[in-house]
Amino acid sequence: MKLFVGIDPGIVETAIVSIGATGREVITKAAIMGGSAKNEPRGFKRLRPERLRLMMRGVQCEIDTILAFRELKDAFFAIEEPFVGVNGATALKTYAVFACTIDWLQCMAENRKIRGILTVPPTTLKKFVGAKKKESVARQAYKLWRFESDDNNIVDAYAIAMWARDQFAG
């Protein structure tokens, strides 16, 4: 069985979703909070070092959970190392989370814990789901795959995992 992971990094929240080969089976989904940026005054939301550390610890724990699931299930099913898709950073303020996530995932790939990493630009992701605006990605994800969540970041991470599945399927 193949395993696909979608990661949507952000300064307030990073969402991670892992799916099986068909995309119908959602194995894990998590929203990792990076602090209280929502409570900061408009224009003052920025990525502080402590927020980045907290976010990266959460991302690492979630990936470790996915890998532990893989090892547990591998005793019963042949599960390959996961393929990972990451939403590309377009805003400078999210670039630090994106860069740290990619750097850490590359170390995981070198240690053969994950099979491959691809980044998807936000415009490509919108085209993939057939949305013209970011706000309509959730609606399109429901139409295409019957996937819904109250958290748009989780929906984006699911769409990224589905995109990674399509990219790595060949």
Can you classify the stretch 114-170 as rounded, prolate or oblate using the Cα gyration tensor, where a ≥ b ≥ c are the square roots of its eigenvalues, rounded means a/c under 1.5, and otherwise it's prolate if a/b beats b/c and oblate if not? prolate
With a Förster radius of 25 Å, plug the Cβ-Cβ distance of S136 and A21 into 1/(1 + (r/R0)^6) and report the FRET value to the nearest 0.05. 0.40
By average Cβ neighbour count within 10 Å, what is the ranking of 124-137, 12-25 from highest down? 12-25, 124-137
List, in the order given, every pair from K2/K133; K29/K132; K29/K126; K113/K133; K113/K134 whose Cα-Cα distance in the structure shown is over 23 Å. K2/K133; K29/K132; K113/K133; K113/K134
Dipole magnitude of the stretch 99-170, debye to nearest 20 (Cβ charges: Lys/Arg +1, Asp/Glu -1, about Cα centre): 320 debye
R0 of 35 Å, Cβ-Cβ distance T123-R146: FRET efficiency to nearest 0.05: 0.90
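All of the numbers you see were taken from the coordinates with simple rules; none came from a lab. On a predicted model such as this, the values are computed, not experimentally measured, just so you know. Every residue, glycine among them, receives a Cβ derived from its backbone with ideal geometry; neighbour counts consider all protein chains shown.
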